[in-house]
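J.: So that we are looking at the same thing, I have put the structure below in structure tokens.
The values are calculated or read from the model by the stated rules, or taken from the named source; none is laboratory data. Owing to the predicted nature of the structure, the values given are computational and were not obtained by experimental measurement. Backbone-built Cβ (ideal geometry, glycine too); neighbour counts: all protein chains shown.
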Ligand SMILES: [Fe+2]
């Protein structure tokens, strides 16, 4: 057994932990670049309280808003605007796009070139990991960016891409995971983000690069998650117990993906997300049950007692304790039923509603990497997965 494990040096988890932010900022300095999303935080009661607390702590605040998934030009523009302001620390409060933007800006403040030169598979330079201290504060429960070492940068269009700026040092120095900040997250965003977190937990659990440490984290988070996503999305959006479970599962999914890697769902997501304007969580959420179905059936046909099937079976029992199915094969097939049911209950839209057509499928399949999927799926199977979710 041999593995590496990277995690935030500091995590503050729980309702009300946002109050720690000013004190944590001052441990790094007095000049803050604060990056937020477009709407929800500023409309909440947290916003005036936060600004007041920053003022009381004599923190000089430069603020910028990120409204879309970060593109290379957006990152370059923010870096250029604030490079001369002697920023001591950067804090990003928002969803995955906002945190990824903050992570990328903190890394690129130390460099003169465009971020595009450092993106994996796109640029030619490798980043040395030098950055400005970075604090991530999620307001959704989904991407796990608060725990990961990569920032996803997107260029949309025909030659578009979704690629990572990646270094072990880019794990945020501090993560503040306060479930109170997610209470007003709308149902469709809660659903998509929650399905992303669930995908990340399952894909890292069965990843070919998983370790006993990531397994134990992923299984523990799946047990805590249970059906909290259905509760928070379709029944009681302000149920704090469900929101805490979602926030925890999301954070852990970031840790496990950063250390074990992901599978075919995220292989599809990086290709489809670069070519079409579809939220990342929607792509993952809509494809998860079909990819899991093909993974499980392909694995069973090779070895019905293999380690990945056993893991899928355990995940199935943790997410839905009944009916009790002792057999790994039956339990893992039951997982597909649970996922298909949730996909329906959460009203995950098909890819066709965002403009993906039958004619696009071959191109998507050709470019899709399988990452650390537990089994290589044929092009024909990948094509069938997409057809089922158009
Ligand atoms: Fe994801």
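J.: Give the residue, chosen from 56, 67, 130, 111, that is more than 16 Å from the ligand (Cβ to nearest atom) and at pLDDT below 95.
T.: So the residue among 56, 67, 130, 111 that is more than 16 Å from the ligand (Cβ to nearest atom) and at pLDDT below 95 is 67.
J.: OK, next. So how many residues does the stretch 45-63 have that are crowded, with 17+ Cβ neighbours inside 10 Å and more than 9 Å from residue 22 (Cβ to Cβ)?
T.: Of the residues in that region, 1 qualify.
J.: If I ask for residues that are within 16 Å of the ligand (Cβ to nearest atom) and over 17 Å from residue 342 (Cα atoms), which ones from the stretch 218-242 would you list?
T.: Those that are within 16 Å of the ligand (Cβ to nearest atom) and over 17 Å from residue 342 (Cα atoms): 218, 221.
J.: Based on what the data block shows, is residue 292 within 16 Å of the ligand (Cβ to nearest atom), over 17 Å from the mean Cα position of the chain (by Cα), assigned to a helix (DSSP H, G or I) and in the same structural domain as residue 382 (by TED's automatic domain parsing)? Give the steps one after another, and end with the answer.
T.: Numbers: within 16 Å of the ligand (Cβ to nearest atom): yes; over 17 Å from the mean Cα position of the chain (by Cα): yes; assigned to a helix (DSSP H, G or I): yes; in the same structural domain as residue 382 (by TED's automatic domain parsing): yes.
Spelling it out, residue 292 is indeed within 16 Å of the ligand (Cβ to nearest atom), over 17 Å from the mean Cα position of the chain (by Cα), assigned to a helix (DSSP H, G or I) and in the same structural domain as residue 382 (by TED's automatic domain parsing).
J.: Next question, about the same structure. Could you run through the stretch 49-74 and say how many residues are touching a residue at least 40 places away in the same chain (Cβ under 8 Å) and part of a loop (DSSP other than H, G, I, E, B)?
T.: Number satisfying all stated conditions: 3.
J.: Sticking with this structure for a sec: Given the criterion under 15 Å from residue 7 (Cα atoms) and in the same structural domain as residue 66 (by TED's automatic domain parsing), identify the matching residue among 145, 141, 154.
T.: Just one listed residue meets the conditions, 145.
J.: Residues being in contact with a helix residue (DSSP H, G or I) (Cβ under 8 Å, 6 or more places away or on another chain) and part of a loop (DSSP other than H, G, I, E, B): count how many of those fall in the stretch 3-39.
T.: Total satisfying the criteria: 10.
J.: Then there's this: Could you pull out every one of the strands (runs of 3 or more DSSP E) wholly within the stretch 122-191 that has 2 or more residues that are under 20 Å from residue 261 (Cα atoms) and touching a strand residue (DSSP E or B) at 6+ places or on another chain (Cβ under 6 Å)? Can you show your working first?
T.: Details: elements: 134-138, 150-155, 161-166, 174-177.
Counting at least 2 such residues, we get 150-155, 161-166.
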